[in-house]
Amino acid sequence: MAIKEFQREEELKVTEVIRSVNIIHIEPLHVAPGKPRDGDIVLADGTDWDPGSGAGFYGRYGSAWVKLG
């Protein structure tokens with residue numbers, strides 16, 4: 001029973017941390033990610049790595065990088 005209680009307490013701590021996040025910082029990438037998956041969001045530097053439309057945020061969708069902004 002003690003293990004289940006410990007696990008529940010840890011889950012609550014993780015949930016609290018996730019809920020308290022109000023800023024997400026994404027470092028610019030200078031090379032394409034090694035194993036991209038649909039749903040990935042990255043910040044391309046636009047110089048060393050340009051997925052197609054210069055520097056900016058890109059999302060991986062349909063096996064392609066789509067500029068988000």
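The values are calculated or read from the model by the stated rules, or taken from the named source; none is laboratory data. Computed from a predicted model, the values in this text were never measured in an experiment. Cβ: placed from backbone, ideal geometry, glycine included. Neighbour counts: every protein chain shown.
Descriptive notes on the structure:
- Members of the range 47-64 that are within 16 Å of V31 (Cβ to Cβ) and touching a residue at least 24 places away in the same chain (Cβ under 8 Å): A55, R60
- Residue match in the range 36-48 (condition: at pLDDT below 95 and not hydrophobic (A, V, I, L, M, F, W, C)): no
- Among residues of the range 18-31, those that are in contact (Cβ under 8 Å) with a residue 24 or more places away in the chain and part of a loop (DSSP other than H, G, I, E, B), counted: 1
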